[in-house]
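Report on the following structure.
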Amino acid sequence: MRHSGHNAPQFYVTGPQPCPYLHGRAERKLFTALTGDRARELNNALSRQGFRRSQNVVYRPSCESCVACMSARIRVADFRPSRSQRRVLKRNAGLIRLGTSAWATDEQFELFRRYLDRRHADGGMADMDIFEFAAMIEETPVRTRVFEYRPPARNGEAAPLAAVCLTDILDDGLSLVYSFYDPDRRTDSLGTWMVLDHVEMARAAGLPYVYLGYWVPGSRKMAYKAAFGALEIHKGGVWQDIGRPEDHEDEAHPLSVDPIVEQVARIHLP
């Protein structure tokens, strides 16, 4: 817990839980609540320091013996799609994007359930019901949008949802909070395509970064993020070019992990 003035946010640490990314390890999170008139300002400041938002809290991994989870972002001005990513863009060129407010719908939830059941049936979100889904989408104290993607309408009727992305609009970029897609279109690489579409949205809006959440070397679930060019990771308290992904796979020694009190003391508040 942090005590640094009446209006300063309080930071807390979760108890250790099994790591969802690296087998045999435990995860722990450092987090604080996003409340009041300065929630957006705090979210912007902490996002630049490797934190991520989930509903009305922001968190950052703070594990006792591992520093594998590193926040990742794309430098929009320097990004150029690879040959395979250009094929993904071409394959999904017909999809239409619609930006909406952060409001959950039955159609979104149906797609979300199909996605989880087929892609992440054993994950931590596998048992989410419609009320928990609505909370994930709607409980946001910051500027958030939902982007829905569909094929063109046919015979005057809207085509079914192909993909959905919950996105925060930061002062310096777009942050992909959570995305899901039609599991029957797995070969279309819609997860990659939504990242590429966000890069183009950020470029058009003059925003320098697209935040992708955490990259975890050694985790198959997170390996796709390293395929994006102009990728930076937040490591050792600074943003740096990812370089060769394999250079980050060494296991951290427990003594290299700073105590919680030192981690919190280095956080820069707005």
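Our Cα-only numbers for the range 57-114 put the radius of gyration and Dmax at 17.8, 46 Å. In a simple Cβ point-charge model (Lys, Arg +1; Asp, Glu -1; nothing else charged), the chain has a dipole of about 780 debye relative to its Cα centre.
With contributions of -39500 (n - 2.57) from each DSSP H run of at least four residues, the per-residue ellipticity at 222 nm computed over the chain stands at -7000 deg cm²/dmol. In plain terms, the chain from Ala227 to Ser65 could stretch by 55.6 nm, reckoned as 0.36 nm per residue minus the Cα-Cα distance. Could you work out how far apart the two model spin labels at Glu107 and Val261 are, taking each label as a point 7 Å from the Cα in the direction of the beta carbon, and quote it in nm? A separation of 5.5 nm, rounded to one decimal place. Here the dipole of the range 1-144 is about 1140 debye; that uses its Cα centre as origin and unit charges on the Cβ of Lys and Arg (positive) and Asp and Glu (negative). Counting only residues at least eight positions apart within a chain, or on another chain, the lysines with an alpha carbon under 23 Å from that of Lys29 are Lys221, Lys225, Lys235.
Val88 sits among other residues whose Cβ lies under 12 Å from its own Cβ, and their net charge, with Lys and Arg +1 and Asp and Glu -1, is +4. Among the listed options [x] 0.99; [y] 0.95; [z] 1.06, the one matching Rg/Rh (Cα atoms, Kirkwood Rh) as calculated from these coordinates is [y].
Extending 7 Å from the Cα toward the beta-carbon at both Glu41 and His120 defines two label points whose distance is 3.3 nm.
The calculated FRET efficiency for Glu246 paired with Glu138, based on their beta-carbon distance and R0 = 30 Å, is about 0.15. Note on Arg220/Ala8: beta-carbon distance plugged into 1/(1 + (r/R0)^6) with R0 of 41 Å gives a FRET efficiency of 0.55.
Coordinate-derived values only; no laboratory data. This one's a predicted model, so the numbers in the text were calculated from it and none came from an experiment. As a convention, Cβ positions derive from the backbone with ideal geometry for all residues, glycine included, and neighbour counts pool all protein chains shown.
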